[in-house]
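Novice: Encoded as structure tokens, here's the structure I'll be asking about.
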Amino acid sequence: MFFSLSPVAARLSLPILGLCLLAACAAPPVSDADPYEDANRRVHAFNQSLDRNLIRPVARGSAGVARGPVGQGVRNVAGNLFMPSVILNKVLQGKAEDAVHNTWRFALNTTIGLGGLFDPAGAMGLTERDADFGGTLHTWGAGEGGFVVLPVLGPSTERDAFGKVVDTVLDPLGHVLKSPESHWARGFKAASKVVDRARFGDTVDSILHESADSYAQMRLLYLQNRRFELGQEVADDAFIDPYADPYGD
Amino acid sequence: MTRSSTRMQTLTATDPRRRALLAGGAVYAGMLLTGTPVMAFTVDQARALIDRAVGEVNGTINSGKPEAAMLKDFEGIFTRYADVPTIARSALGPAARSASASQLATFTEAFRVYIARKYGRRFREFIGGQIEVTGAQPLKSYYEVVSVAKLRGQSPFDLRWHVSDRSGRQLFFNIIIEGVNMLAAERTEIGSMLDRRRGDINALTADLRSI
């Protein structure tokens, strides 16, 4: 069992080591340079048409259900399925209190909350404290790398895209669940994305389909929000004082 | 020409006028040092302003009014509490420099309606929720008022307001929603719109009205 895991570990540890080395020789500079812009814009155009032709129609068709208790249930179950991976990342980040907090949340919602369908933990104030492997790499000192747009999954950075792969491989639940439960789990996670698309439909539409340059808008929103999530020091140019600098030039 | 009848006097250390002069001098020195006037209002006043604005937003999102009426309410709140001319000029960026006064005025009015409706729609998604001011602190040359939006079935999220009195009135000039900066987002958006219209501010203004 141990040996069967080691090739995976070996494959993983090399790029991780590489990233950390990269990070060590250059402290993560927050830069808005966009080295992959051309490729990103092509993937973004694909994602836009995917949304327009498939995801948005499905989300709109199920909006009534998605905004009701069924939609909330789907989001709850999916959120609960992500929990073991979130807890693992909190441990890797050395955030013991958050790991314990999330473990209580997972335990309560899985038992009293009937497999995560309900969120009694949230009602008690144990709301989710999110984490992922991209964030873990950040804690370990890795810079975010270039901005990338992934097919279907949307905006990310080099570091966070790599983190997504690691999260999928490391997911403790993925090692426990067997078919057909594992398919159900994937189904719930995908369905919860559609529910989110239905719930925040106007916001997504305004960014993805109504912006003058939706790519530029999405890049700004994603990067600012992600840096905020990770508690990164805000770059000086994010403090806009329109009185000192009325034209922002 | 008559000679002034008042004799020059030396102000003694205990003279209240001396202290007044010194205090005035200190304020003046403060202005020279920072290049900006010393903030005339306090962090508590900034917080009280946003408390009132948030109170009105909460009233609107829980009023059960139809969308059009809610957007009208948000427009009123935005107009009363935000420094619209400053936000509009900053969003327009360097192009505002070369715009005529009347171009800038009509752009500002179109922008006021556009931005109030756009962010009004975002706030409308908080229906059934509650925003609560949790703190305030000086930040750079202005104040940051921190609030949290508590929504049903969702983790609470962070909403910050940047407040200044540099326009002559105490108003907010920026909102930061979960780290996303409204001024930065609008600078990008208005900049892209202007590029598409080859820098034509009049065309941009006309199109803003139709959004």
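Novice: Taking the Cα centre as origin and putting +1 on Lys and Arg beta-carbons and -1 on Asp and Glu beta-carbons, what dipole magnitude results for segment A:100-173, to the nearest 20 debye? The partial results should precede the final answer.
Specialist: On the way: 4 positive and 9 negative charges, 28 e Å.
Taking the Cα centre of segment A:100-173 as origin, the dipole is about 140 debye.
Novice: Related question: Per the Cauchy relation, a quarter of the hull surface: what is the mean projected area of the convex hull of the alpha carbons in segment B:39-209, in nm²? Don't skip to the answer; put the middle values down first.
Specialist: On the way: hull surface 40.6 nm².
For segment B:39-209, the mean projected area of the Cα convex hull comes to 10.2 nm².
Novice: Extending each Cα 7 Å along its Cβ direction at B:ASP44 and A:VAL100, get the distance between those two points in nm, one decimal.
Specialist: 3.8
Novice: Summing -39500 (n - 2.57) over the DSSP H runs of n ≥ 4 in chain A and dividing by its residue number, what mean residue ellipticity at 222 nm do you reach, to the nearest 500 deg cm²/dmol? Can you show the working numbers first?
Specialist: Working: 13 runs with 161 residues, N = 249.
Rounded to the nearest 500, the figure is -20000 deg cm²/dmol.
Novice: Under 5 Å between amide H atoms, partner at least 5 residues away or on a different chain: which partners does B:TYR143 have, H built in plane at 1.01 Å?
Specialist: For B:TYR143, the qualifying residues are B:VAL163.
Novice: Now for a separate question. Report D for segment B:73-137 in µm² per second (integer): Stokes-Einstein, Kirkwood Rh on Cα pairs, 20 °C, 1.002 mPa s. Intermediate results must be reported in sequence, preceding the final value.
Specialist: Values: Rh = 13.4 Å.
The calculation lands on 160 µm²/s.
Novice: So, taking all protein chains as they sit and a 1.4 Å probe, how much accessible area belongs to A:HIS138, in Å² rounded to tens?
Specialist: Ignoring ligands and nucleic acids, A:HIS138 comes out at about 50 Å².
Novice: Something else about it: Quick one: net charge of A:PHE46's neighbours, Cβ under 14 Å, K/R +1, D/E -1?
Specialist: Details: positive: A:ARG41, A:ARG42, A:ARG52; negative: A:ASP38, A:ASP51.
Charge balance near A:PHE46 sits at +1.
Novice: Just name one of B:ILE50, B:ILE115, B:SER100: the one whose Cα is farthest towards the positive end of the charge dipole of segment B:39-209 (beta-carbon charges, Lys/Arg +1, Asp/Glu -1).
Specialist: Highest projection toward the positive end goes to B:SER100.
Novice: Moving to a separate point now. With +1 assigned to the C-beta of every Lys and Arg and -1 to the C-beta of every Asp and Glu, and no other charges, what is the dipole magnitude of chain A about the Cα centre in debye, to the nearest 20? Please report the intermediate quantities before stating the final value.
Specialist: Details: 23 positive and 29 negative charges, 282 e Å.
Charge dipole, chain A, about its Cα centre: 1360 debye, nearest 20.
Novice: Another one. Short version: ³J(HN,Hα) in whole Hz for each residue of segment A:50-60, in order, from phi by Karplus 6.51 cos²θ - 1.76 cosθ + 1.60 (θ = phi - 60°), x for Gly and Pro, what are they?
Specialist: 4, 5, 5, 8, 10, 5, 5, x, 5, 5, 5
Novice: Shifting gears a bit: How would B:PHE123, A:PHE82, A:PHE200 rank on accessible area, largest to smallest, probe 1.4 Å? Intermediate values should be presented prior to the final figure.
Specialist: Numbers: B:PHE123 20, A:PHE82 80, A:PHE200 60 Å².
Sorted by accessible area, descending: A:PHE82, A:PHE200, B:PHE123.
Novice: Ignoring ligands and nucleic acids, what accessible area does A:LYS164 show with a 1.4 Å probe (Å², nearest 10)?
Specialist: 90
Novice: Using the Cα centre of segment A:33-230 as origin and beta-carbon charges of +1 (Lys, Arg) and -1 (Asp, Glu), tell me which of A:LEU153, A:ALA63, A:PRO84 is placed farthest towards the positive end of the dipole.
Specialist: Going by the Cα projections, it comes out as A:ALA63.
Novice: Go through A:ARG56, B:ARG198, B:ARG52 and list them by solvent-accessible area, largest first, probe radius 1.4 Å. Write out the running numbers ahead of the final one.
Specialist: Values: A:ARG56 45, B:ARG198 220, B:ARG52 130 Å².
From most accessible down to least: B:ARG198, B:ARG52, A:ARG56.
Novice: Which whole number gives the average count of other chain Cβ atoms within 10 Å of the Cβ atoms across peptide A:177-186?
Specialist: Working: counts 0, 0, 0, 0, 0, 0, 0, 0, 0, 0.
Per-residue shielding by partner chains comes out at 0.
Novice: Hey, if you put +1 on the Cβ of every Lys and Arg and -1 on every Asp and Glu Cβ in chain A, which of A:SER214, A:VAL100, A:GLY141 ends up farthest toward the positive end of that dipole?
Specialist: Farthest towards the positive end: A:VAL100.
Novice: If I ignore ligands, DNA and RNA and count only protein heavy atoms, how much of B:SER141 is accessible to a 1.4 Å probe, in Å² to the nearest 10?
Specialist: 40
Novice: OK, next. With +1 assigned to the C-beta of every Lys and Arg and -1 to the C-beta of every Asp and Glu, and no other charges, what is the dipole magnitude of segment B:39-209 about the Cα centre in debye, to the nearest 20? Walk me through the numbers before you get to the answer.
Specialist: Working: 24 positive and 19 negative charges, 61 e Å.
My answer is approximately 300 debye.
Novice: Roughly how large, in nm² to one decimal, is the mean projection of the convex hull of the alpha-carbon atoms in segment A:145-220?
Specialist: Taking a quarter of the hull surface, the average projection is 6.1 nm².
Novice: To continue, here is another question. Can you pull the percent of Cα pairs in segment A:33-230 with separation above 22 Å? Please list the in-between numbers first.
Specialist: Numbers: 10637 of 19503 pairs.
Roughly 55 percent, once rounded to a whole number.
Novice: Report ³J(HN,Hα) in whole Hz for each residue of segment B:168-184, in order, from the Karplus equation J = 6.51 cos²θ - 1.76 cosθ + 1.60 where θ = phi - 60°; Gly and Pro get x.
Specialist: x, 10, 7, 9, 8, 10, 7, 10, 10, 9, 6, x, 8, 8, 4, 4, 5
Novice: Output wanted: per-residue J couplings in Hz (rounded whole) for segment B:74-86, from phi through Karplus 6.51 cos²θ - 1.76 cosθ + 1.60, θ = phi - 60°, x for Gly and Pro.
Specialist: 4, 4, x, 4, 4, 5, 7, 10, 10, 8, 4, x, 5
The values are calculated or read from the model by the stated rules, or taken from the named source; none is laboratory data. Because the structure is a prediction, the values reported are computed rather than measured. Note: ideal-geometry Cβ built from the backbone for every residue, glycine included; neighbour counts use all protein chains shown. The protein model used for the area step is the full one, side chains on, heavy atoms only, and it has no ligands, DNA or RNA in it. Shrake-Rupley method; radii C 1.70, N 1.55, O 1.52, S 1.80 Å.
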